[in-house]
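Each value in this text was obtained by applying a stated rule to the coordinates, not by laboratory testing. Only a predicted model underlies this, so the values are computations on that prediction, with no experimental measurement involved. A quick note on method: Cβ atoms are made from the backbone with ideal geometry, for glycine too, and the neighbour counts reach across all protein chains shown.
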Amino acid sequence: MKQYRKWSLASLFVCLFFLCGCDSTSMKDVAVSSSEILSFSPESGSIGSEIVVTGEYLDDVVSATIGGGKAVILQKVSNRRLSLKVTNQARSGKIVLVNSIGEGVSEGDFILEYPAPVVSQAGMPSEVEMGNNLLLSGSSMNVVSAVLFTAEGGTEGNEAEIISQSENEIVVKVPYVESDKAIVTFKYFNGTKEVETSSSSAPKFTVKRYQPEVTTTVFEPINVGDMVVLEGAYLNKIDKVLLGDIECTITLQTETELKFVVPSSENYVDGDNTVVLKISYFDGREVHTLTDVFVVKVPFIYFWENRKVYGQGRIEGQLSSFFSPETGLVYANSDWSTVVDPVSMKYKAATCSANNKPAVSESEYNSVNPYFFFSGASAGQLQINSPANSKTQLRNFYSTTNSSSQVTGGKIDCYGTPALTFLWLDPSKSGYKTLIDEVKNGTLSKIDETTFPIDVEAKTCRGFSIASAKASPNTDVWAPDIFKVGEEKVANVDAVLLVFYYNVKGSVDNVADNIKRIGVLHIKTVDFKLYNNTNAPSSSSIEFDMYWQKQDYDYSKVQ
């Protein structure tokens, strides 16, 4: 028991020792007296000068003034020494140092002088470059509060950024100057007010502005989304390219070449739009017009080129199966339930009352963009699918390679929302040749009631019989004699199909009625691949172009 008490007392003394030690250390952070100023040097100086103060209790100083004006504490060397910088707020008078206890006041006055800065012409360059640093030497440069570059003949100078400053030199970054000739003046405090050195004796420079010079002068009419190439000199100095007030995206910029993309605008109309092409440089301070008649062509149709989708095979990197001709986007399978067709995800099999006959409200139907997809059939064909035509197709698509990741949330019957049909244009039939040639030559420019008139009674569009348009045609229809069951092959299919997108009433009653939009699908290449040692070409990829009508079809406009 006695031994236990001895150890307890020993522990107590150790703890008290450390606690006392901590208290002793912390006392260094607490001021014990107001500061005392014993001397300072120099006794006079100008704005920017450094004053060394010696005294007592100086390491706790929190602020300083000279003649009542704020001074900057540069460095606390020790408890007996610190240095101050004279600011433009200082005046002749006492130096006062403040800590948490009180103030320490100098016995003598610091005399503030107000010399004018004088720049030396010796070694000064004759040329400077905008944006580069410039060293100016002389005397009393520490009093300078601003350095101004004024264009020859100008009245307003542009202030330069001061990089560093001492009594004998100042380094500044050459600012924007309106012309290639400029003078440099200095602002400083003369004891009464801030003044500027005389422009008559100011140093003069030739300023290398490196203003962009575009040598491209001919601009052909161009489509929205196309690339424009500008050539010239100092094009890397251009900040913006503007078509009217719309900023263009710059994709490449070097000293001699600049490429930009023609942007779209809600103010453009279909056809030709004449706008002003301008460039902006020097941080927007200067704008130059390249041409007043830059023609932007807005196509009367949407054209989506070189799109690629995959079948329903669960292969990493190939889980993008859904394409919308309205947006031009290929969607990842994982986006189907939330982005592509949330209405179908909500109603599942109740989305339609029968194949290609939607059962949702008109507003719900119109909230889903039209889309289609390809799938491999177990019989060995590859087919295009209208989402609303089958309740057993969508459940075969997966968001990951996991067999339980069906986009529908399980092996659930689920109609898609949009109703479409497809009509293959047989190139062996002369009636289709004109349209097929327009598609393959890239000259199809309009899809409307005039170029694609629909006769509901005759079930024709552009004179073509569309009675045989199907909601899910397969390769036996649009790629006859190209693919064989069970054999893989990469083929240039070059198939053209008319695509009809229907309103909420669907296509069941009359394949030529209730058409909302018309498109043309050009299937170019098919990589016909089988899935997992089966005959189903579910691992296939399909590359195509798509032409799509911009506005809803208006049967009343058909002549």
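Counting other beta carbons within 10 Å of each Cβ, put TRP336, TRP548 in order, fewest first.
On the way: TRP336 25, TRP548 22.
By the 10 Å Cβ count, ascending: TRP548, TRP336.
Using alpha carbons only, how many degrees (0 to 90, rounded to 10) separate the axis of helix 2-26 from the longest principal axis of the chain?
Here the helix axis deviates by roughly 80 degrees.
With N set to the number of residues, divide the alpha-carbon radius of gyration of segment 31-112 by 2.2 N^0.38 Å and report two decimals.
Values: Rg = 11.1 Å, N = 82, 2.2 N^0.38 = 11.7 Å.
Ratio of Cα Rg to 2.2 N^0.38 Å: 0.94.
Would you mind checking LYS470/LYS529; LYS470/LYS550; LYS433/LYS489; LYS391/LYS529; LYS181/LYS204 for any pair whose Cα atoms are more than 19 angstrom apart? Kindly include the intermediate steps, with their values, before the conclusion.
Values: LYS470/LYS529 24 Å; LYS470/LYS550 23 Å; LYS433/LYS489 27 Å; LYS391/LYS529 24 Å; LYS181/LYS204 7 Å.
Violating the 19 Å Cα-Cα cut-off are LYS470/LYS529; LYS470/LYS550; LYS433/LYS489; LYS391/LYS529.
With an 8 Å Cα cut-off and a minimum separation of 6 or more residues, compute the relative contact order for segment 213-298 in percent.
On the way: 202 pairs, mean separation 27.9, N = 86.
It comes to 32 percent, rounded to a whole number.
Over segment 155-196, calculate the relative contact order: mean separation of alpha carbon pairs under 8 Å at least 6 apart, over the residue count, as a percent.
25
Based on the alpha-carbon gyration tensor of segment 108-195 and its eigenvalue square roots a ≥ b ≥ c, which shape applies: rounded if a/c is under 1.5, prolate if not and a/b is larger than b/c, or oblate?
Numbers: a/c = 2.34, a/b = 1.68, b/c = 1.39.
Note, shape of segment 108-195 comes out prolate.
Residues of segment 501-526 with backbone nitrogen within less than 15 Å of a virtual label 7 Å along the Cα-to-Cβ line of THR460, please, listed as ranges.
Within reach of a label on THR460: 512.
Expressed as a whole number of Å, what is the distance separating the alpha-carbon centroids of segment 86-144 and segment 515-559?
76
Taking the highest mean first, how do the peptides 308-317, 268-277 order by number of other beta carbon atoms within 10 angstrom per residue?
Numbers: 308-317: 18.7, 268-277: 15.0.
The peptides rank, most packed first, as 308-317, 268-277.
Just want to confirm a number: the relative contact order over the chain, from Cα pairs under 8 angstrom separated by 6+ residues, in percent.
Relative CO of the chain lands at 9 percent.
By the gyration tensor of its Cα atoms, with a ≥ b ≥ c the square roots of the eigenvalues, what is the shape of segment 420-559: rounded for a/c under 1.5, prolate for a/b over b/c, or oblate?
Values: a/c = 2.23, a/b = 1.75, b/c = 1.27.
In terms of gyration-tensor shape, prolate.
Between ASN306 and GLU159, what is the label-to-label distance in nm when each label sits 7 Å out along the Cα-to-Cβ direction?
So the two model labels end up 5.1 nm from each other.
Taking the highest mean first, how do the peptides 326-333, 466-473, 196-203, 391-398 order by number of other beta carbon atoms within 10 angstrom per residue? Each step should come with its number before you reach the end.
Details: 326-333: 17.6, 466-473: 19.2, 196-203: 13.2, 391-398: 20.8.
Going by the mean number of other Cβ atoms within 10 Å, highest first, we get 391-398, 466-473, 326-333, 196-203.
Can you put TYR553, TYR347 in order of Cβ neighbours within 10 angstrom, beginning with the fewest? Intermediate values should be presented prior to the final figure.
On the way: TYR553 21, TYR347 17.
In order of increasing Cβ crowding within 10 Å: TYR347, TYR553.
Modelling each spin label as a point 7 Å along the Cα-to-Cβ direction, I'd like the GLN121/ASP292 distance in nm, to one decimal.
Distance between the two pseudo-spin positions: 4.7 nm.
Just check the chain against the gyration tensor rule for me: Cα atoms, a ≥ b ≥ c as the square roots of the eigenvalues, rounded for a/c under 1.5, and otherwise prolate or oblate depending on whether a/b exceeds b/c. Provide the component values of the computation, followed by the final result.
Numbers: a/c = 3.96, a/b = 1.90, b/c = 2.09.
Note, shape of the chain comes out oblate.
Given the -39500 (n - 2.57) contribution per DSSP H run of 4+ residues, what per-residue ellipticity at 222 nm results for the chain, rounded to the nearest 500 deg cm²/dmol?
On the way: 5 runs with 49 residues, N = 559.
Value at 222 nm, helices only, nearest 500: -2500 deg cm²/dmol.
Taking the mean number of other Cβ atoms within 10 Å as a proxy for protection, how do you rank 174-181, 515-522 from highest to lowest? If you can, show how the numbers build up before the last one.
Numbers: 174-181: 18.0, 515-522: 22.4.
My ranking of the peptides, most packed first, is 515-522, 174-181.
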